[in-house]
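A short write-up of the structure that comes next.
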Amino acid sequence: MNGIALAGWLRGLRRQRTLRILLSSYVLNGVSCAMGMLLVSSVVRAAFGPAAGAMATVGVIATLAPDLVSPRRGKLAYLIASPLIGLPLLVAMQGLRGQPVALGIFLVAATFVSFLGMAWGKRGAPVAIGVMLTVVFGMSTPPPQDTHEALLRTAYCGLGSLLYALYAVLANLLLNGRYRTQRTAELLLALAALMLAHARRIAPDATSDSQPAAGDVSELLNRHAALATQLQAARDVVLESPRTPRRQRLAGMLGVALEMRDYLIAGELDVDRVRHHPGHAAALAALASVYRAMAGDLARIADTLLIGRQPEPPVDQAHRLAGLAAQVAADDAGADERALAARLLRGVAFRATHQNGALQQLGALARGEAAPDLNLVRNNWRLFVSPTVWSLQPFFGLWHWRQPALRHAVRAALALGVGYVIASVLPWGAHDYWVLLTIIVVLRGSLAQTLERRNQRVAGALVGSLLATGLLALIPPAWVLLLIMTVAQGVAHAFAAQRYLVTAIAAAVMGLLQAHMLGADGSPTFALFERVGDTLLGAAIAWGFAYVLPSWERGQLARLIRRTLKALGRHARLSLGLATLSEIDTQADSAWRLARREAYDALSELVLATQRSLAEPRAVRPPVPLLELLQGRSYQLLAQLSAVKSLLLLRPEQLRANLIAAPLQQSASRIEAALTPLPSTAPDAPPVAAQAVSDTEEDKPDERDARPEMLPDPFLQDVSPWLLRRLRLAEDLAAQVRDNARAVLVELDAPSPTN
């Protein structure tokens with residue numbers, strides 16, 4: 001019976017995950033893109049013939065690369081950037097089709113120019129890919145007979161781009177409300193995953209045997225990094241022009257989710273301290289159970305948002321938390337370590353009551369039973385949405401040999417040039433552009449991303465080519481091929497950033513069918529072997545060129561570390577500001593929220609860069625243990641600052657202003673001074689590095705934190721001593737973060753065989 005129940009539970013879990021994928025924003029975006037391609041291709045095909053429809057499809061494919069879930073503002077300008085650059089390149093490429101040498105030189109130059117778009121980061125990368133798709137798919141057509149035919153093909157391609165851009169703007173406008181809901185739900189699911197990780201850190205779940213160790217902070221750091229990415233994606237859509245009650249409720253839910261993240265991180269150090277004490281295992285298990293229950297309610301709210309139903313009110317955990325406080329109250333007397341652990345555990349339980357209250361508020365907002373803080377929504381939305389205008393600043397800052405975007409542009413141009421030469425001499429060279437297409441999609445800015453794309457692209461090409469070859473062997477009519485291409489394009493676009501293996505399979509199907517419709521020759525069976533061979537060759541070239549002019553992560557880490565220190569220092573100064581003891585003015589609150597976002601984002605970037613470095617050669621790998629120690633201490637400092645801020649905001653009536661005013665100012669100054677961005681080397685750096693290494697040998701509480709302390713009941717009495725304790729610990733952690741950062745910078749400055 002247990003086996004049957006477990007199997008049923010697993011099936012239900014799979015259905016739930018499948019439903020979340022099908023109802024996600026990226027799948028809806030893929031469906032929208034596919035419908036747009038089908039509509040535009042069909043219209044142009046009906047009006048001008050099959051050849052025109054095929055060229056229009058090329059324009060659509062290039063234009064839809066940047067068509068992601070995004071704000072309405074600036075959508076058209078973003079979409080037309082790719083065809084504005086790609087169409088002139090397409091004209092020139094068509095004119096050079098009969099001159100292999102000139103075409104190769106042009107291809108190298110066009111690749112270099114296109115990949116300079118990587119200087120604009122995540123915003124510029126899809127545009128660069130779209131430009132290259134225009135050029136490479138343009139090579140799939142037979143050579144034009146004359147200039148008129150080349151211009152006509154380009155005109156059809158441009159027509160497809162224009163029609164699709166207009167469609168995409170309209171579709172984004174119509175789907176904006178749904179995108180807002182989906183982005184909010186996806187953020188809540190990411191927050192629920194973080195809450196479950198927090199629960200596992202408090203006490204492992206006995207029903208799972210595949211969990212990280214309870215004391216392991218790496219899962220939390222990874223979850224926070226994932227949440228930071230999801231959060232900005234939600235901000236860009238949800239916070240844009242929140243003028244209607246529905247939009248305002250979603251924006252309010254996003255704000256509550258941010259506070260819930262802060263409540264989670266605020267209790268981390270106290271949990272660490274209590275977990276080291278053997279007498280509170282049962283209480284910790286009960287607390288972890290509460291967090292798991294809240295995570296379940298959070299996920300259920302997200303699921304009901306996705307399916308368009310009103311969620312049930314989340315279960316109020318107040319009685320369980322009160323019982324937990326009573327459970328440890330018997331140990332809350334005296335000044336020994338057990339008594340201190342009991343008080344800390346009660347403090348964690350008290351913060352969990354804030355989490356529970358925030359969850360109740362979130363549920364009320366989702367049900368339409370509560371109104372959001374409109375002042376907060378209206379005053380801050382412009383601050384947290386990514387800019388939608390193109391700036392020339394990245395271009396002017398690009399021209400330095402150490403700039404990763406410049407090195408990647410040179411690397412990609414050389415790889416495409418070599419791929420073109422090799423593909424031109426292959427015995428089956430009719431589809432040499434397939435090699436180039438593989439290089440474009442596999443070669444990434446980092447070795448870790450290139451290796452991941454390489455493996456998935458090869459596997460996807462094999463499976464997708466088998467599917468497409470079997471389909472072509474049936475000799476289906478053109479409308480069936482167009483329909484299948486549409487579905488493949490939608491799938492490929494939807495999962496590009498989620499599950500690239502799925503994208504690679506769909507892209508292989510689409511590539512073979514697109515080549516067939518553009519006039520490919522040869523049997524389907526030979527196309528299979530040709531496609532797989534070209535994919536293997538392109539992946540090998542991309543892999544090899546990942547080591548040419550590399551931008552190893554250690555070359556970027558010094559900048560990320562200094563950014564993190566600066567962000568933590570500013571966040572500390574604004575978190576500890578005295579304005580929080582009285583009515584918060586809008587400007588000060590907005591500045592603090594911006595500083596908080598920057599601190600989380602900077603630390604997340606540092607975590608992701610460290611993860612990517614693990615795929616790099618050992619000789620150039622940065623000091624990963626030191627980096628992980630720095631990240632852990634930075635995370636703990638954020639926890640202390642969040643705890644102080646929570647006390648100032650939520651319990652001002654239980655604080656004595658005359659007692660805490662001076663310590664707040666002093667701690668803010670000391671922490672910011674300690675975290676002033678460091679030079680790459682310092683006279684006392686070697687001893688600090690040695691100390692940092694020794695700290696990694698054993699994960700134990702700080703000695704100053706291990707002393708017994710007399711702290712009042714966190715539920716009832718003056719909490720000023722708790723705040724002062726937080727300030728002392730925050731100052732200690734700031735000093736440790738500084739020393740850890742200095743140790744890492746010393747290691748990074750060591751001679752390296754790269755860069």
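The values are calculated or read from the model by the stated rules, or taken from the named source; none is laboratory data. Just so it is clear, the structure is predicted and the values come from calculations on it, not from any experiment. Please note: Cβ atoms are built from the backbone with ideal geometry, for glycine as well, and neighbour counts cover all protein chains shown. Ligands, DNA and RNA are stripped out before the accessible areas are found, and what is left, the full protein with its side chains, is counted by its heavy atoms. Shrake-Rupley method; radii C 1.70, N 1.55, O 1.52, S 1.80 Å.
The figures follow:
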| read-out | value |
| --- | --- |
| Residues of segment 267-296 that turn out to be modelled with pLDDT of 85 or more and open to solvent by less than 10 Å² (accessible area, probe 1.4 Å), as a count | 6 |
| Leu173 vs. criteria in a helix (DSSP H, G or I), crowded, with 23+ Cβ neighbours inside 10 Å and at pLDDT 90 or above | no |
| Qualifying residue in segment 428-439 (condition: at pLDDT 90 or above and among the β-branched types (Val, Ile, Thr)) | yes |
| Residue identified as touching a Pro at 6+ places or on another chain (Cβ under 7 Å) and at pLDDT 90 or above among Arg562, Arg570 | Arg562 |
| Selection status of Glu598, within 22 Å of the chain's Cα centre (by Cα), without any contact (Cβ under 8 Å) to a residue 40 or more places away in the chain and surrounded by fewer than 22 Cβ atoms within 10 Å (Cβ to Cβ) | yes |
| Lone qualifier among Ser391, Ser386 - being in contact with an Asp or Glu (Cβ under 6 Å, 6 or more places away or on another chain), of a type in the set (Gly, Ala, Ser), open to solvent by 10 Å² or more (accessible area, probe 1.4 Å) and modelled with pLDDT under 85 | Ser386 |
| Residue satisfying all of: in segment 436-452; open to solvent by less than 10 Å² (accessible area, probe 1.4 Å) and assigned to a helix (DSSP H, G or I); farthest from Leu133 (Cα to Cα) among these | Leu447 |
| Yes/no for Asn455 being of a type in the set (S, T, N, Q), part of a helix (DSSP H, G or I), modelled with pLDDT under 85 and on the phi < 0 side of the Ramachandran plot | no |
| Matching residues, segment 141-151, being open to solvent by less than 20 Å² (accessible area, probe 1.4 Å) and either at pLDDT below 85 or touching a strand residue (DSSP E or B) at 6+ places or on another chain (Cβ under 6 Å) (or both) | Thr141 |
| Selection count where residues are modelled with pLDDT of 85 or more and out of contact with any Pro (no Cβ under 8 Å at 6 or more places or on another chain), scope segment 197-227 | 4 |
| Condition check for Gln489: open to solvent by 40 Å² or more (accessible area, probe 1.4 Å) and within 26 Å of Arg17 (Cβ to Cβ) | no |
| Search result, residues across segment 529-555 that are touching an Asp or Glu at 6+ places or on another chain (Cβ under 9 Å) and either open to solvent by 40 Å² or more (accessible area, probe 1.4 Å) or in a helix (DSSP H, G or I) (or both) | Asp534, Arg554 |
| Candidates Ala349, Ala358, Ala366, filtered to the one that is out of contact with any Asp or Glu (no Cβ under 6 Å at 6 or more places or on another chain) and at pLDDT 90 or above | Ala366 |
| Flag for Ala504 being open to solvent by 20 Å² or more (accessible area, probe 1.4 Å), modelled with pLDDT of 85 or more, part of a helix (DSSP H, G or I) and closer than 30 Å to Pro617 by Cβ | no |
| Subset of segment 611-628 [part of a helix (DSSP H, G or I) and surrounded by 22 or more Cβ atoms within 10 Å (Cβ to Cβ)] | Ser613, Leu626, Leu627 |
| Answer residue from segment 394-427, given it is outside any helix (DSSP H, G or I) and farther than 24 Å from Arg554 by Cα and is modelled with the highest pLDDT among those | Val425 |
| Among the residues listed as Ala461, Ala473, the single one being open to solvent by 30 Å² or more (accessible area, probe 1.4 Å), modelled with pLDDT under 85 and in contact with a Ser or Thr (Cβ under 9 Å, 6 or more places away or on another chain) | Ala473 |
